[in-house]
Amino acid sequence: MAGIPRILTVQDISCVGQCSATVALPVISACGVEACIMPSAILSTHTGGFHGFTFRDLTADMPGIERHWLSEGIRFQAVTSGYLASAVQIDIVRDLMERLLLPGGVKIVDPAMADHGKLYYGFDHAFVAKMSELCAGADYILPNLTEACLLTGTPYRQELQDPEEIRTLLLKLAALGPSTVVLKGLSSGDGKIGNAVYEVKNDRIRYYFTGRIEKNSHGTGDCFAAAFTGALMRGLDAYDAMALATDFVVECLRQTMKDPEHWYGISFERALPLLIHRLSDKESRV
Ligand code: PXL
């Protein structure tokens with residue numbers, strides 16, 4: 001049996017809220033991939049709806065954690081970034097991606113900073129500009145429609161769905177510098193929702209649409225990023241990894257809808273078997 005790929009995810013720990021690291025660790029594990037974490041911050045909850053949350057910025061701890069790993073010879077097949085707590089952390093992540101990746105390792109950037117047309121609490125346009133620098137050096141970027149608009153200076157419209165407009169947006173995102181763009185949160189003309197993959201090397205856009213779920217939930221993007229990363233590390237190509245991550249998120253939303261009281265996060269736990277089954281016969285990318 002091939003070894004298990006080991007990946008690093010850099011993002012916050014929201015202790016309660018079913019997002020960021022508390023989603024990434026179980027989801028990546030369910031994909032059969034070893035998940036290591038460098039926390040960017042520790043919050044009592046996420047910032048999207050709770051009041052009075054605590055927030056400890058861990059910028060000062062990150063260089064020491066990296067130095068220890070370097071001295072131990074610890075390296076990763078992929079480094080992914082999610083919610084980062086400050087612009088300074090973006091420089092730290094850019095540099096650690098260079099030093100901690102194995103040869104041929106993959107850089108995945110989820111520019112987690114906005115949704116539904118709005119920046120998350122605490123972010124500003126200077127952060128967006130800095131995030132575009134991190135996207136420039138990535139192999140894969142995973143923006144949602146709001147983040148894509150912010151990163152490209154495109155006015156946001158929820159119903160932005162015309163294929164020509166989407167193509168323009170994808171080309172602008174690709175012009176930032178990544179090799180592959182995965183654009184999330186698209187709507188099709190016939191009432192479906194889905195995502196798109198644009199590969200710069202062959203100038204190809206591929207869409208995956210599925211039935212609309214009338215539910216938005218916090219942590220959806222984090223679930224997607226974790227499942228996409230895990231699937232990619234199990235040897236799926238970008239399109240197949242995106243399609244599997246999309247199916248997983250839809251199943252998570254279905255599970256979340258079963259409990260209308262569950263307002264703060266995504267009930268991903270009962271959707272994990274989908275990943276385990278769909279990846280069970282795949283070789284790993286090591
Ligand atoms: O899911 C993105 C996310 C991650 N971490 C924190 C957040 C959010 C979204 O609001 O607040 C702390």
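The values are calculated or read from the model by the stated rules, or taken from the named source; none is laboratory data. What you are looking at is a predicted structure, and each value in this text was computed from that prediction instead of being measured. Virtual Cβ from ideal backbone geometry, glycine too; neighbours counted across all protein chains shown. Areas reflect the complete protein model, heavy atoms only, side chains present, ligands, DNA and RNA absent. Shrake-Rupley method; radii C 1.70, N 1.55, O 1.52, S 1.80 Å.
Structure above, values below:
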item: Matching residues in the stretch 1-17 - criterion: being more than 9 Å from the ligand (Cβ to nearest atom) and open to solvent by 10 Å² or more (accessible area, probe 1.4 Å); result: Met1, Ala2, Gly3, Ile4, Arg6, Cys15, Val16
item: Check on Ile92, open to solvent by less than 50 Å² (accessible area, probe 1.4 Å), away from the ligand (no atom under 16 Å from the Cβ) and within 19 Å of Gly122 (Cβ to Cβ); result: yes
item: Cβ pairs under 8 Å, 6+ apart, first in the stretch 219-232 and within 13 Å of Thr246 (Cβ to Cβ), second among the aromatic types (Phe, Trp, Tyr); result: Cys223/Phe248; Cys223/Phe268; Phe224/Phe248; Ala227/Phe248; Phe228/Tyr140
item: Residue within the stretch 179-201 that is out of contact with any Cys (no Cβ under 9 Å at 6 or more places or on another chain) and in a helix (DSSP H, G or I) present; result: no
item: Any hit, the stretch 68-87, residues being within 17 Å of the chain's Cα centre (by Cα) and among the basic types (Lys, Arg); result: no
item: Given (1) open to solvent by 30 Å² or more (accessible area, probe 1.4 Å); (2) more than 9 Å from the ligand (Cβ to nearest atom); (3) touching a Leu at 6+ places or on another chain (Cβ under 9 Å), number of the condition Phe53 does not satisfy; result: (2)
item: Within the stretch 117-140, considering residues that are in contact with a Gly (Cβ under 9 Å, 6 or more places away or on another chain) and under 17 Å from Gly221 (Cα atoms), the one surrounded by the fewest Cβ atoms within 10 Å (Cβ to Cβ); result: Tyr121
item: In the stretch 202-248, residue nearest to the ligand (Cβ to nearest atom) [restricted to those that are acidic (Asp, Glu) and not in a helix (DSSP H, G or I)]; result: Glu214
item: Count of residues meeting criterion [open to solvent by less than 40 Å² (accessible area, probe 1.4 Å) and at pLDDT 95 or above] in the stretch 141-174; result: 17
item: Residues that are of a type in the set (Lys, Arg) and under 30 Å from Thr47 (Cβ atoms), drawn from the stretch 202-250; result: Arg212, Lys215
item: Members of the stretch 258-285 found to be open to solvent by 90 Å² or more (accessible area, probe 1.4 Å) and assigned to a helix (DSSP H, G or I), listed by number; result: Arg270, His277, Arg278
item: Within the stretch 183-213, tally of residues that are open to solvent by less than 20 Å² (accessible area, probe 1.4 Å), more than 16 Å from His116 (Cα to Cα) and hydrophobic (A, V, I, L, M, F, W, C); result: 2
item: Count of residues meeting criterion [more than 16 Å from the ligand (Cβ to nearest atom), open to solvent by less than 40 Å² (accessible area, probe 1.4 Å) and either of a type in the set (Ser, Thr, Tyr) or at positive phi (or both)] in the stretch 19-50; result: 1
